[in-house]
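Engineer: Here's a structure for you.
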Amino acid sequence: MTKLLEWLFGVSLVGAVWALVSFDLLDLSLPQTYREVAWPMPLYLLVSFGCYSLATVGYRVATFNDCEEAAKELQGQIKEAKEDLRRRGLKM
Amino acid sequence: MASRKTSHPNRDSEDKYSILLPTYNERENLPLIVWLLVKYFGESGYNYEIIVIDDGSPDGTLEVAEQLQKIYGEDKILLRPRAKKLGLGTAYIHGMKHATGNFIFIMDADLSHHPKFIPEFIEKQKEGNYDLVSGTRYQGSGGVYGWDLRRKLISRGANFLSQVLLRPGASDLTGSFRLYKKAVLDSLVERCVSKGYVFQMEMIVRARQLNYTIGEVPISFVDRVYGESKLGGNEIVSFVKGLITLFATT
Ligand SMILES: Nc1nc2c(ncn2[C@@H]2O[C@H](COP(=O)(O)OP(=O)(O)O)[C@@H](O)[C@H]2O)c(=O)[nH]1
Ligand SMILES: [Mg+2]
């Protein structure tokens with residue numbers, strides 16, 4: 001199953017459950033509160049997922065390591081390498 | 001750790017590591033990356049060979065490679081040039097045909113991937129007998145150097161999106177510093193159809209699909225000092241296209 005199909009499957013499953021409860025399609029005579037809670041659920045889910053995404057990406061951008069040390073080490077090694085290679089007769 | 005101090009701790013190992021270095025206009029970088037590879041392989045004692053796949057670089061990368069071959073020996077530096085620029089994906093395939101190692105390293109020749117991480121890749125691979133070990137900029141001590149806020153944001157955003165959509169089981173999809181078992185790389189390359197940038201993404205997504213095991217090693221990615229990036233440009237467009245393709249086909 002491709003990821004696309006997995007997603008379609010998941011979304012339709014959730015959608016079906018949501019419709020069943022919100023519109024009481026099976027005439028289960030669910031309490032009114034169930035229907036009231038279920039009805040705006042998709043919007044809540046969407047908004048909370050959006051917030052979660054923004055927060056996660058924001059946090060990860062803020063904590064993205066800046067590898068100053070690595071850059072400095074590399075600069076040093078480049079010098080060392082150039083000297084050594086020149087000694088070994090490399091013409092750059 | 002103590003064993004590291006002895007001169008050639010891993011010399012008796014049966015394993016051999018072939019490093020594929022695709023180059024296009026890397027005259028300045030190639031000697032440096034080779035020097036670093038020789039240094040770290042020399043210190044850790046693993047058996048290795050470096051395969052340079054140059055695509056007819058007009059800047060004379062191949063001449064420099066020939067000089068390096070004289071310095072370090074034909075058993076250590078192998079040249080597998082091609083006449084013209086045919087792209088990164090086919091460069092790997094071309095290089096692999098000539099690899100004699102049972103493990104293959106893929107890395108960029110522009111010094112953004114530092115050979116100091118190679119012993120960590122190898123240890124990680126042995127630790128879990130992983131089929132593939134992928135370098136990651138996004139976890140642990142991994143990171144980047146020379147990136148502004150905008151680039152970090154795009155990178156993290158794109159990464160988050162692909163994690164959500166593809167759930168690939170690896171944190172760095174677009175990184176290209178990886179260690180593969182030879183047979184695993186063979187079978188992956190056979191299946192991967194993407195070009196350029198998306199190739200790396202497809203490789204790891206297919207690996208997960210085929211139930212290969214993946215280990216990760218945090219790496220620091222330092223933007224190239226010499227020369228310029230050949231991909232660049234419409235990177236975002238090709239990323240989105242690749243993401244959608246992989247989403248629909250894997
Ligand atoms: N043989 C070969 N190497 C290439 C080609 N395009 C890029 N490369 C090499 O692939 C590596 C990564 O390329 P780079 O331009 O740094 O890509 P970036 O890091 O994604 O910006 C470098 O070592 C390049 O020299 C190509 O068409 N053929
Ligand atoms: Mg690069």
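Engineer: Return the residues of the range B:200-232 that are within 16 Å of ligand 2 (Cβ to nearest atom), within 14 Å of chain A (Cβ to nearest Cβ) and open to solvent by 20 Å² or more (accessible area, probe 1.4 Å); say none if nothing qualifies.
Structural biologist: Passing the criteria: B:Phe221, B:Asp223, B:Arg224, B:Val225, B:Tyr226, B:Gly227.
Engineer: Taking the range A:58-92 only, how many residues are assigned to a loop (DSSP other than H, G, I, E, B) and either more than 24 Å from B:Gly60 (Cβ to Cβ) or open to solvent by less than 100 Å² (accessible area, probe 1.4 Å) (or both)?
Structural biologist: 6
Engineer: Out of (1) open to solvent by less than 60 Å² (accessible area, probe 1.4 Å); (2) within 14 Å of another protein chain (Cβ to nearest Cβ); (3) within 30 Å of B:Gly227 (Cα to Cα); (4) assigned to a helix (DSSP H, G or I), the odd one out for B:Gln163 is which?
Structural biologist: With respect to (1) open to solvent by less than 60 Å² (accessible area, probe 1.4 Å); (2) within 14 Å of another protein chain (Cβ to nearest Cβ); (3) within 30 Å of B:Gly227 (Cα to Cα); (4) assigned to a helix (DSSP H, G or I), B:Gln163 is out only on (3).
Engineer: Right, something else. Taking the range B:24-64 as the search range and keeping residues that are within 16 Å of ligand 2 (Cβ to nearest atom) and closer than 17 Å to B:Leu179 by Cβ, which one is farthest from the other protein chains (Cβ to nearest Cβ)?
Structural biologist: The residue in question is B:Ile33.
Engineer: Let me ask another. Out of everything in the range B:233-250 that is open to solvent by 40 Å² or more (accessible area, probe 1.4 Å) and assigned to a loop (DSSP other than H, G, I, E, B), what residue ends up being modelled with the lowest pLDDT?
Structural biologist: B:Gly233
Engineer: Can you tell me how many residues within the range B:89-109 are of a type in the set (A, V, I, L, M, F, W, C), within 13 Å of ligand 1 (Cβ to nearest atom) and assigned to a loop (DSSP other than H, G, I, E, B)?
Structural biologist: 2
The values are calculated or read from the model by the stated rules, or taken from the named source; none is laboratory data. Being a predicted model, the structure only gives us computed values, none of them experimental. Please note: Cβ atoms are built from the backbone with ideal geometry, for glycine as well, and neighbour counts cover all protein chains shown. Quick note on the areas: whole protein, heavy atoms, side chains included, nothing else; ligands and nucleic acids left out. Shrake-Rupley method; radii C 1.70, N 1.55, O 1.52, S 1.80 Å.
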